[in-house]
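*Asks:* Quick one: this structure, given as C-alpha cells, is what I'll be asking you about.
The values are calculated or read from the model by the stated rules, or taken from the named source; none is laboratory data. Fair warning: this is a prediction, and the values are worked out from it, not measured in the lab. Cβ coordinates were reconstructed from backbone atoms using ideal geometry, including for glycine residues, and neighbour counts include every protein chain displayed. Note: areas computed on protein heavy atoms with side chains; ligands, DNA, RNA excluded. Shrake-Rupley method; radii C 1.70, N 1.55, O 1.52, S 1.80 Å.
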Amino acid sequence: MKVSFKLNGSPVELDVPPNEILLDTLRFRLGVRGPKRGCERAECGTCTVLLDGKPVYSCNIFTVQVDGSEVNTIEGIAQKELGKELAESFSREGAVQCGFCTPGFITTSYALVKENPNASELEIKKYLEGNLCRCTGYKKIVEAVKKVISAYRK
Amino acid sequence: MSSTDLERLMNKWLSAQEFYVVGKKVERADTIEKALGIARYMEDYYMRDMLVIKQVTSKYPHARILSIDDSQAKKVKGFLMNITAKNIPGENQVGYSIPDQPLLADKKVRYVGEPVSLVVASDFDSALEAAQLVKVNYDPLPYVLDPLEAMKRNDVLVHEETGSNIAFRTKVRKGDVEKGFSESHVVVENTYRTSHQDHIYLETEASIAIPNLEGKLTILSPSQYPHLTQKIVSRVLGLPASSIRVVVPYLGGGFGGKDDQGPLTSAKAALVAYLTKRPTFIEYSREESIAVHPKREATVIRYKSGADAEGKLKAIEVEIVHDTGAYANRGPFILWRATMHASGPYVVPNAKVDGYCIYTNKVYQGSFRGFGNPSVQFAAESQMDVLAEKLGIDPLEIRLKNILTPGATTITGQVLDSSVGVKEALEAAALKAGWKEKRKAYSSMEGRFRKGIGIGVAWHGISTSRGVPDWSAGTVKIELDGSVSVLVGIVEMGQGSPTSSHRQIVAEILGVPLDLVHVYFGTSDAPDTGATHASRGTGVGAIGVYVASIELRERLNSLAAKLLNTDPEDITIVDGVVRSKKDPSKSMPWKDLVKSAYSKGVSTTSSGYFFLPKGRFDDEMGQGFAYISYSYMVTITEVEVDTELGTVKVLKTYPAIAAGKIINPVQVEGQIEGAFVQGMGLALTEEFKFSEKGEIINKDLTDYVIPTSMDAPEIAEPIFIEDRFKYGPFGAKGVGEMALIPAPSSIANAVSHAIGKRVTHLPITPERVLKLLEGR
Amino acid sequence: MYYKLPEFEYKRAENLHQALDVLKEGDWKILAGGTDLILDMKIGRQSPKKILDITRLGELRYVRAYNGKMFIGGGSRLQELLENALVKEKLPLLSSAIYEMASWQIRNVATIAGNICNASPAADSAPPLLIYDAKVKLSSSSGSRTLPISEFFLGPRKTAISSYELLEEIEVPTLDGYFQWYYKLGRRHAFTLSVVSAAVALKIENGIFSDVRIALGSVAPKPVRAYTVENELKGKEANVSEIERAVEKVAEDISPISDVRASAEYRFKATKALLKEALFKGMKYFGGGSG
C-alpha cells in the first residue's frame, strides 16, 4: 500500500504491506533507530514517537494509519531547540543510565512541555506514566523535565 | 614496578584529600548521545542480510525429547534450517558452577521455556512461522515445582545423575548456638518467603555473530563479561578463545540478568553463524525473555534468633532454601552469598546457617542485583524488629547495639579491620529521617490509612567471594596529541562506571582535562578485567586503570621534573597544567609534556594489573575470609497502608551508604534511586504466577508489574559515609547493588509498623496485607 | 518482529457514509484506534481477514451538550475526552475513569467506542457509562438503532453490535445534584488494568437515599450495575448500618474470578470496601452521618 507522511520534517513515500507496524517501518525500512523495541505490546514506551504532535507507541500502530500525518522521532526532536535542551538536561541531571528508555522519555517530555508548560511535578509524572524506566527510579528524569519546563515558561 | 612500590603509591593516592574531578558531579561521557537518540544498541546493528534465529522452546516442565520434526517448517519460504543439540560442534554444556546445563536441550527438557532448537530463516516472519511448525515429540515425565517438596523427594529428579534435588549446600558454624539460645532472654523464630523477580531490562536479549574467512567470529554480545562470553562460545564451538572476539555495545540494562543470559544468547548466534558461515541475528521477544532467562531466586528462610535482655544478639540459627529451578547456574554462589550474609551487618557470637539450593522444574535462577542478599537481609532485618518489639527496645537502638564496627568479627570469623562505616550511616540516616519522632507519631495512628516507618540495614561483600581469584586489569595509553585512551573489559549497561568513574579516576591521576580521556570498554580485546557484576565495576573494575595511571604518572613526574628542573615529588599536574609546587612560575602545558615523552623515549602506555589478596576459607565450618571488602547501606522508609484495601504506598525513603570514596555523587545517587525503586518492586508488586505445569503465566509488562513514574516515592538525598577501602581507587567500594538490598526490609518493617502485624512474605500484595490484618 | 501479524485486506474510510457502505459486506473488522486490535492480532486472539480503518472519520470526534444530555462521537480519542472541559464538568465519573486509563500514548490513539466495543470486563469507561444510563447509537447503511449500554455488553468480549454496524455515538444523560465517586483499584498507581473499578452516583433527600447507582468493573464477565445493592438502599435512611447491610448483598450482583491480577476473594473484599467508602462519602456529602 502506498503511504506518504512527513517524517521529521521531510516527506516520505513508501509502499508497505498493511500489516506492517510503524516501529518496523521506521527502524528497518527507513533506518530510523531512535525509537526502541522494548516489548512490542504497548506496555513500555521505548518506541514512543510523535504523531501529529502527540506521543503514541509506534509498536502498536499500523504504518498505513499514519498516511498523510506528521511523524516525529527522537532524531527530529533532537534537532529542535526544546529537544536539545531536554537531551542536555537529561544528561546533566543524571536522568540517563542505560539510555534505552531515554529516546522515548525525551519524545514524551517534548510533547508534554509543548502541551502544558505549567505542568506540576505530579502532572509531569502523570504524562510520563507510559514510559517505563528500570534504571533511574524516575527521580532524576522528573527533575530533568522540571528544569527544562521552568526555563521554557520564562 | 615492584608490589611494595605499587602498594606505597596506591596508599599515596588513597590518602589524597584534594581532588579536581573525583568526587565531583561530573556529567557522563555516554549520556548525551543516548539522550539524542544517537547511541546504538544491539538491534540497531541488525542488517537485512543477516540470518534470523528464533528459539523453539519447551512446552513441558519435564519430558524426554523423543524426536524433533522440522518437515512442516521446511515448507516456509525463507526457512533455512533447524539447529538442535546434535549440531553443536563443541560441548553442549553451559552450566556456570556445575556442568548440568545444555545450551540446547538434549534428551530431556526441565522447564517450560527451555530452548530446544534454533530455527534459522532469512527474515523475521519466516523464522516466527517456521518455529511454530517445528514439532517436538515429548514423553512427559513427572515433575516437581515446590522446592520444599523437591528437597524431600528422590522419586522425581530434575537431574537423575545427582540422585537428589539438592544441587548445593552451604553452611556456617560459629560458636555454640544452643548455648547462645540458652543465654538469651528472648528467642524468636519466623519463616520468611520471597518470590522470583525478573530484571525487566528494557532491552531484551539480542546478539549478532559475524564470521570471517578464517572461521573466526566477531560477536556483538549483550553480556556483562566479554571474556566469559568468549570462553562459553569457544567451548560450545570447540574453537580456541582467540578465534572469538566479543564486543559489548551499550546495553539496555543488565542488573545481573545479562551476566547469565548474555553469553548464552551469543552462543546461539555464534553457533548458527559458525554452521552457516553467515552473519546472524537473534533477539528475544519480551515474552520469550521472561520465559527463558534466569530470575532472582524465590526463597524460604527459617530464621531463629536470640538476644539477651539488653538486646545483644546471642545466637542465630538460619535455614535458607533457594528454588534454583531447572539448573544450578550461579545458584551455588548466590546461596553462598546469602549464607555468609545471613546475620545482617551485626555481631553474632553463635551462628548456625544452612543453605540449600534446590532443583525444581521451573525457570532457573541467576544473578540479579543483590545476589541472594535482599531476601536474607529481609529475614534478618525483620528478626531485628521482632526482637526489639519483644524486648521493648526501639528498632534503631537494638541495631546500634549489635552493629559491625571496625575490628568486629563477622559470622564467618572474618575480622573487619577497616572501612566499616555502617554505624555512622545508620545514625545519620535516622537523624535525617526524624526516626524517633515519626516512629512514635505513627505508632498511635488509627483509622483506615496508617503510616509506618521502618529501617533496613544491609551489608554486601564486594566482588567475588572467598579464594575465588579476583583481579583487575586495564590499559591506559596517552596519545601524541595529549588525549588518553583507556581500554577496559568493564561494560556499560547503565551503571556508567567506564563512562564516569573510570574517566574521572584516570583524569585525576594523570592531571589531564577530563574531556581528553576516552574509555573504550566492554570488549575481549581489552585485558580481562573480570565481570561487571557484584558492585565491582568501579571499586575493583577500575583498579587496573588506576594502577596503570599511577605508573604513567610516576614516569611523567620524573620527566616533568627534568624539564622543569625540580624533583618528581615537586610536580603537580592538574587539569592539563604541569607545575612545580615550590615555584609555581615553573610550569608547562600537559600537551607539551606528552610531546616530550614521545620525543625523549618515555613510554606513554601502561597496562595496570592488580590481584586482590585474599584469605582462606574453610567450607566445612563456613569460617574464614569471605570478601575483600563490604559496602553498607541503610534505607529508612515511610509507607502508608490502606487497611481497607490492603494497598501500600511508599512515601519516602532516606538512604545512607558507606561505600568508601564516592567518585561521582550524581551517578551514585542514580544507582541508589534506581535500586531502591527496583527493590520496591520486589517488595510490593513483582511476582510470577505459575501454571500447574510450572509455566510463567504473566509474561508481559501488564501482568508483571514494575513501578511507573507515578509509583516512585520521594527519595531523600543520600548520605555518604566515605569509609575508604584500601585497594579501591581512591578508596572506592561498590554501590550498584546496594540500595536494593535493604529496600525490601525497610518497606516490610514500615508496613509491619503501620499495621501492627509482622510481614513475612514478599511481595506485600494487598491480599497479603488484608490476610495479616485479619490475623490469618 | 516479535510477532508475525496476519495478512489482511485493508480499506480506509474517509467518511461515515463510506464506512457504513463497506461494513454492509458484513465481514470487515473495524480499526478505530487499533490499540486493542493490533495487540490481539499479535498474540493471535483475533485474526481478521479484512480491516476497515475509520481513524480518519473526523465527524465521529466530538462532544456536544444538548438538553441535559451529552453526545460523544464514538471516534473521540480518550485523551480528547480527558482534556474536554464539558466532559470534566458534566460527566466527572467518565473523566476520572479516563484519567486512570492506560497511558498518554494509548489515550492519544484509543477511542471511546473502541474501549466499549472491545468489551473487556475491565473496560474502564464502562462503569461510568452504566451509571449515567448511557445509550449507544449503532449505525449501519440501513439506519441506526439505539441501545442502553447495559444491554450492549453481553459477556467477555461479546457485545450486541453486529458486523455491519458501527458505534457512532454515545448519548449520556448528565446527573444533576448527585454525589459522584469513582475509584480504580489497580496493582500500581498508573498504566495498569483494574483489579476492581467502581463508579457510584447517589442522591440523598431528607436523609433518605432517593437514588443510588453503582457500577463495577473487573468483578463479573462484563461491567455491571449492582442493582441489588442499589435497590437495598433506595428509599432507605442513609446511615451506616443500612449501608453496611446493603453492601453485603453485592455478592448477588457480581461473580468475580481469581486470575493473575487478584483472587475472587480479594475482589469481593475490595468491592465491599470501595462501596462502603463511596456510600459513606456520599452520606457525608449530603450532610448526613459521621461515616
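*Asks:* Need the per-residue list for the range C:102-122: every residue with at least 10 Å² less accessible surface in the complex of protein chains than in the chain by itself, probe 1.4 Å, sorted by number.
*Replies:* C:Ser103, C:Trp104, C:Gln105, C:Ile106, C:Arg107, C:Asn108, C:Val109
*Asks:* Which of the aspartates and glutamates could be linked to B:Lys312 by a straight reach, that is with a Cα gap under 14 Å, when you skip same-chain ones fewer than 8 residues away?
*Replies:* B:Glu183, B:Asp385, B:Glu389, B:Asp394, B:Glu397
*Asks:* Report, in listed order, any pair from A:Lys126/C:Lys269; C:Lys135/C:Lys281; A:Lys147/B:Lys258 with a Cα-Cα distance greater than 30 Å. Show your work: numbers first, answer last.
*Replies:* Values: A:Lys126/C:Lys269 28 Å; C:Lys135/C:Lys281 28 Å; A:Lys147/B:Lys258 34 Å.
With Cα atoms farther than 30 Å apart: A:Lys147/B:Lys258.
*Asks:* I'd like the orientation of helix C:264-285 relative to chain C: the angle between its Cα long axis and the longest Cα principal axis, in ° from 0 to 90, rounded to 10.
*Replies:* 60 degrees
*Asks:* Just want to confirm a number: the relative contact order over the range C:9-53, from Cα pairs under 8 angstrom separated by 6+ residues, in percent.
*Replies:* Rounded, it is 58 percent for the range C:9-53.
*Asks:* A further question on this structure: At a probe of 1.4 Å, how much accessible area disappears from chains B and A on forming the pair, both sides counted, to the nearest 100 Å²?
*Replies:* 4100 Å²
*Asks:* Can you sort B:Arg245, B:Arg369 by 1.4 Å-probe accessible area, starting with the largest?
*Replies:* Result, largest first: B:Arg245, B:Arg369.
*Asks:* How crowded by other chains is A:120-133, given as the mean number of beta carbons from other chains within 10 Å of each beta carbon?
*Replies:* Details: counts 0, 0, 2, 0, 1, 7, 9, 4, 7, 14, 11, 7, 9, 10.
Going residue by residue through A:120-133 and averaging, the value is 6.
*Asks:* Within 10 Å of each Cβ in peptide A:41-51, how many partner chain Cβ atoms are there on average? Round it to a whole number, please.
*Replies:* 6
*Asks:* For the range C:9-53, give the percent of accessible area contributed by carbon and sulfur heavy atoms, probe 1.4 Å, rounded to a whole number.
*Replies:* After summing per-atom areas, the C and S share lands at 45 percent.
*Asks:* Each label point is 7 Å from the Cα along the Cα-to-Cβ direction; what then is the distance between the points at C:Ala65 and B:Gln93, in nm?
*Replies:* For C:Ala65 paired with B:Gln93, the spin-label model returns 7.7 nm.
*Asks:* Considering every residue in A:100-112, what mean count of other chain Cβ atoms within 10 Å of its Cβ is obtained?
*Replies:* Average per residue, whole number: 4.
*Asks:* Follow-up question, since we're still on this one. Which residues, if any, in the range B:700-716 have at least 30 Å² less accessible area in the whole protein complex than in the isolated chain, probe 1.4 Å?
*Replies:* So the qualifying set is B:Asp700, B:Leu701, B:Thr702, B:Asp703, B:Val705, B:Ile706, B:Thr708, B:Ser709, B:Met710, B:Asp711, B:Ala712, B:Ile715.
*Asks:* With every protein chain left in place, what is the accessible area of B:His185 in Å² (1.4 Å probe, nearest 10)?
*Replies:* Roll a 1.4 Å probe over it and B:His185 shows about 120 Å².
*Asks:* Which whole-number value in Å² is the accessible area per residue of chain A, probe 1.4 Å?
*Replies:* Numbers: 4550 Å² over 154 residues.
Per-residue value: 30 Å².
*Asks:* For chain B, what's the relative contact order in percent, using C-alpha pairs closer than 8 Å and at least 6 residues apart? Write out the running numbers ahead of the final one.
*Replies:* Working: 2065 pairs, mean separation 122.3, N = 776.
In percent, rounded to a whole number, it is 16.
*Asks:* Just how many pairs of Lys in the range B:526-596 have C-alpha atoms closer than 15 Å, counting pairs that are eight or more places apart or on different chains?
*Replies:* Pairs that pass both the separation and distance tests number 4.
*Asks:* Compare each residue of the range B:37-69 in its chain alone against the assembly with all protein chains, and report those whose accessible area goes down by 30 Å² or more; 1.4 Å probe, heavy atoms.
*Replies:* Buried by 30 Å² or more upon assembly, which counts only protein chains, are B:Gly37, B:Tyr41, B:Glu43, B:Asp44, B:Tyr46, B:Arg48.
*Asks:* For a 23 Å ceiling on Cα separation, which of these pairs sit above it: A:Lys36/B:Lys24; A:Lys114/B:Lys25; B:Lys477/B:Lys600; B:Lys152/B:Lys352; B:Lys216/B:Lys477; A:Lys114/A:Lys146? The partial results should precede the final answer.
*Replies:* Values: A:Lys36/B:Lys24 32 Å; A:Lys114/B:Lys25 30 Å; B:Lys477/B:Lys600 16 Å; B:Lys152/B:Lys352 21 Å; B:Lys216/B:Lys477 28 Å; A:Lys114/A:Lys146 13 Å.
Violating the 23 Å Cα-Cα cut-off are A:Lys36/B:Lys24; A:Lys114/B:Lys25; B:Lys216/B:Lys477.
*Asks:* Where does each of C:157-167, B:725-735 land if you order them by average Cβ count within 10 Å, highest first?
*Replies:* So the peptides C:157-167, B:725-735, ranked by packing, come out B:725-735, C:157-167.
*Asks:* If you don't mind, there's one more thing I want to ask. If you roll a 1.4 Å probe over the range B:585-626 with all protein chains in place, what percent of the accessible area is carbon or sulfur?
*Replies:* The C+S portion of the solvent-accessible surface of the range B:585-626 is 53 percent.
*Asks:* Per DSSP H run of at least 4 residues, take -39500 (n - 2.57); add these up for chain C, divide by its residues and hand me the 222 nm value, nearest 500 deg cm²/dmol.
*Replies:* Calculated mean residue ellipticity at 222 nm is -8500 deg cm²/dmol.
*Asks:* Further, regarding this structure: Hand me the trypsin sites (Lys or Arg not before Pro) from the range B:550-618 located in a DSSP loop with no more than 14 other Cβ atoms within 10 Å, in residue order please.
*Replies:* Answer by residue number: B:Lys581, B:Lys582, B:Lys600, B:Arg616.
*Asks:* A further question follows. Tell me, what % of the accessible area of the range B:630-728 is carbon and sulfur with a 1.4 angstrom probe?
*Replies:* 45 percent
*Asks:* Here is a further query. Select from the range C:50-88 those GluC sites (Glu not before Pro) which occupy a DSSP coil region and have at most 16 other Cβ atoms within 10 Å, ordered by residue number.
*Replies:* Listed in order of number, the matching sites are C:Glu83.
*Asks:* Measuring with a 1.4 Å probe in the full set of protein chains, what accessible area per residue, in whole Å², belongs to chain B?
*Replies:* 32 Å²
*Asks:* Taking 0.36 nm per residue of sequence separation and subtracting the Cα-Cα distance, how much length would be gained by fully extending the chain between B:Glu479 and B:Arg302, in nm to one decimal?
*Replies:* 57.9 nm
*Asks:* Still on this model: Straight-line reach from B:Lys74: which aspartates and glutamates have a Cα under 15 Å away, not including same-chain ones fewer than 8 places off?
*Replies:* Cross-link targets: B:Asp123, B:Asp125, B:Glu129.
*Asks:* I would also like to ask the following. For the pair B and C, how large is the buried accessible area, both sides, in square angstrom to the nearest 100, if the probe is 1.4 Å?
*Replies:* In total, chains B and C hide about 2600 Å² from solvent.
*Asks:* Another question about this same structure. Highest first, please rank the peptides B:93-106, B:650-663 by the mean number of other Cβ atoms sitting within 10 Å of their residues.
*Replies:* Most protected by this proxy first, the peptides run B:650-663, B:93-106.
*Asks:* Rounded to the nearest 500, what is chain B's calculated 222 nm mean residue ellipticity when only DSSP H runs of at least 4 contribute -39500 (n - 2.57) each, over all residues?
*Replies:* The per-residue figure over chain B is -8500 deg cm²/dmol.
*Asks:* Please give the peptides C:224-235, C:141-152 ranked by average Cβ packing (other Cβ atoms within 10 Å per residue), highest first, as a rough proxy for protection.
*Replies:* Answer by packing, highest mean first, reads C:224-235, C:141-152.
*Asks:* Still on this structure, please answer the following. Which of the aspartates and glutamates could a cross-linker bridge to B:Lys86, judged by Cα under 13 Å and excluding same-chain residues fewer than eight apart?
*Replies:* Filter leaves B:Asp106.
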